[in-house]
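The values are calculated or read from the model by the stated rules, or taken from the named source; none is laboratory data. This structure is a prediction, so every number in the text was calculated from the model and none was measured. Cβ: placed from backbone, ideal geometry, glycine included. Neighbour counts: every protein chain shown. Protein only, heavy atoms only, side chains kept; ligands, DNA and RNA dropped before computing areas. Shrake-Rupley method; radii C 1.70, N 1.55, O 1.52, S 1.80 Å.
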Amino acid sequence: MADDSTSPFGPLLLELARMRKSNLSAAIDDVDKIIDLLSAARDQVAAEDDSHRTMMALTTLQNPVKSRLEAINTDLKDVNKAQKGFGKALDKALPHRDLPMETDAMDDQSALINRAIAMHLLREGQFSVASNFVQEARDNPLDTRHFSRPTPTPSQVDADGDDDMDEPDFHEDDEEEEEDDNDDDAFESLTAQLDGRHSGLQQKFAEMYSILSELRGRNLSPAIRWAHENNGRLEAKGSNLEFELCKLQYVWLFKGPAVNGLPDDAHNGHAGALLYARQHFGRFQARHLVEIQQLCCAMVYASNLEASPYRRIFAIDSAFDDVSTSFTREFCSLLGLAAESPLYVAVTAGAIALPRLIKYTTYMREKKTEWTTENELAFETPLPPSMIYHPIFVCPVSKEQTTERNPPMLLPCGHVICNDSLKNIAKGSRCKCPYCPTEGHVREAIRITL
């Protein structure tokens, strides 16, 4: 993956960093200093009865105030310069020109686009905005087919004044109409869910944001309660969220009132943590016995925890942020949704790929050629690790990337090669691994999904 220096957005990110650095903080500080100077002079004048000393105080005030005003102007110039630089970098990184393509692949998917936008607003907690958007999209539907339809020529208009081009509209492909109906149904379903104050989907996300707010305030109880109520579904998905929350609660209590700010009573501190462990850790012993033992054995090193072998467990600088991320992921998973907004991921990935796509399509148009492979780009788009969801396997024998027709195969010895390579090295029904002396039957090879 390319770094920021080679990325098409490298200059834009650099200018963004400069703009953040050149903020109004310095100007505000200079204004505060002028106010302090004026306040001190006012107090001095009020305390003096001598007019000569009053004039001297005001004269002495002129130069410092003047220098501060000049400093404010300099600060504002720096901010203005940074904003202009960012604007130019933004225009260069995202030029205002249409993508040189014959058709827009999404021009007939307005229902799906509207649904993605509404779902994104819901996921961000913008419930009123989402309701207004859905209402306006429903009351003012945009049918792009009316805009893409060509204007008929005089020869295409019959004697009755009817447009012959109207004929195909009544005989469109049934499958395409069915897909459009399904998209509209999906959007209408979302519209129905958003109608009213007590819509189920909105309530779910409101609950999620309420719990996340408590987590940011270092209150784990609502999240633990939710995880316990949904423990069966979470364990079915292999999630350890409830134990991770209880584990963090134990550590948080162990830190004591000086750190967690909770009341200094029997339910806080080392005694409170031990009491909490006795009440809640029992049901986790089958799966997390070793971790529970480590947490409880740390009591022995309570007076010098930093020098103990358990200090890593009690380092929770980023623990609340990590558990908030895990909670969001599991909450959305139970709703059948991805942890991140698909719209955000798609737009971000598209913005990263757009400059290269524009450059490529422009070049192909000039060369009067085209990329013939379907569902595949002619170049690789460098995406950040957070957007790489499916690892790519390259066969160590053929040096080719596996595909649906040439999947990776697991040999009995544990080595993996592609299916074509397996066929090439097979001798009848048997094969020998190209990386170790193990032999086996071809039928023993297992297709794997990475």
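Could you look through segment 296-339, keep only residues that are more than 29 Å from Arg233 (Cβ to Cβ) and in a loop (DSSP other than H, G, I, E, B), and pick out the one that is most open to solvent (accessible area, probe 1.4 Å)? Among those that are more than 29 Å from Arg233 (Cβ to Cβ) and in a loop (DSSP other than H, G, I, E, B), it is Arg312.
Leu253 - would you say it is within 35 Å of the chain's Cα centre (by Cα) and in contact (Cβ under 8 Å) with a residue 12 or more places away in the chain? So Leu253 passes the test. Being out of contact with any Ser or Thr (no Cβ under 6 Å at 6 or more places or on another chain) and open to solvent by 30 Å² or more (accessible area, probe 1.4 Å) narrows it down to one residue among Asn268, Asn240, Asn260; which is it? Matching residue, one of Asn268, Asn240, Asn260: Asn240. Scanning segment 404-432 for residues that are assigned to a loop (DSSP other than H, G, I, E, B), farther than 22 Å from Ile392 by Cβ and of a type outside the set (Gly, Ala, Ser), we see that the one that is most open to solvent (accessible area, probe 1.4 Å) is Pro412. Of the residues making up segment 92-116, those that are exposed (fewer than 15 other Cβ atoms within 10 Å of the Cβ) and at pLDDT 80 or above number 0.
Scanning segment 433-448 for residues that are among the small types (Gly, Ala, Ser) and assigned to a strand (DSSP E or B) turns up just one, Gly440. Quick one: which of Ala266, Ala273, Ala307, Ala298 is under 17 Å from Asn219 (Cα atoms) and either assigned by the TED database to the domain that holds Pro222 or charged (D, E, K, R) (or both)? None of the other options fit; the residue is Ala273.
Residues in segment 274-295 that are surrounded by 15 or more Cβ atoms within 10 Å (Cβ to Cβ) and touching a residue at least 24 places away in the same chain (Cβ under 8 Å): Leu274, Tyr276, Ala277, His280, Phe281, Phe284, His288, Glu291, Leu295. Consider Val347 against the criteria (1) within 24 Å of Asn268 (Cβ to Cβ); (2) in a helix (DSSP H, G or I); (3) among the aliphatic types (A, V, I, L, M): it satisfies all of them except one. Which criterion is unmet? Here Val347 clears every test but (1).
Among the residues here, Lys247 does not qualify as assigned by the TED database to the domain that holds Ser221, in contact (Cβ under 8 Å) with a residue 12 or more places away in the chain, open to solvent by 50 Å² or more (accessible area, probe 1.4 Å) and touching a Leu at 6+ places or on another chain (Cβ under 9 Å).
Cβ-Cβ contacts under 9 Å between residues 6 or more apart (or on different chains), taken from a first residue in segment 397-423 that is more than 13 Å from Arg447 (Cβ to Cβ) to a second residue that is of a type in the set (Ser, Thr, Tyr) and at pLDDT 90 or above, are listed as Val397/Ser421; Ser398/Ser421; Glu400/Ser421. When Pro152 is tested against (1) surrounded by 13 or more Cβ atoms within 10 Å (Cβ to Cβ); (2) at pLDDT 65 or above; (3) not polar (S, T, N, Q), exactly one condition is not met: (2).
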